[in-house]
Amino acid sequence: MSKPTDCYVYVHIRASDGRVFYVGKGRGKRAWISDRRSAHWRRTVAKHGLIVQVIVAGLDETCAFSIERMVIAKYGRANLVNL
């Protein structure tokens, strides 16, 4: 039995200056939902606005987690609001 490939990796970008401030893994509408976000994430969006960009889709969950970790490493955890 094959694994479902309905996961994706996405970034949240500050609309004010184009800087990536969050990297996530999701399925469905998760990238566009503001529920269950940290206070830091909410303050960033309130101040700078939000652009959502899916960077890779059609992944199984294991692959999505792996890519998410790589993208977080690329931007550096210190530059992101990810917990």
Practice item. Please identify the pairs in which a residue from segment 30-55 that is without any contact (Cβ under 8 Å) to a residue 24 or more places away in the chain has its Cβ atom under 6 Å from the Cβ atom of a residue that is surrounded by 11 or more Cβ atoms within 10 Å (Cβ to Cβ) and β-branched (Val, Ile, Thr), counting only partners at least 6 apart or on another chain. Key: Ala31/Val52; Trp32/Val52
Check your understanding: What number of residues within segment 49-76 are among the charged types (D, E, K, R), within 13 Å of Val11 (Cα to Cα) and either open to solvent by 80 Å² or more (accessible area, probe 1.4 Å) or outside any helix (DSSP H, G or I) (or both)?
Key -> 2
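The values are calculated or read from the model by the stated rules, or taken from the named source; none is laboratory data. Keep in mind it's a predicted model, so treat the numbers as computed, not measured. We place every Cβ from the backbone using ideal geometry, glycine too, and count neighbours over all the protein chains shown. The accessibility values were calculated without ligands, DNA or RNA, using every heavy atom of the protein model including side chains. Shrake-Rupley method; radii C 1.70, N 1.55, O 1.52, S 1.80 Å.
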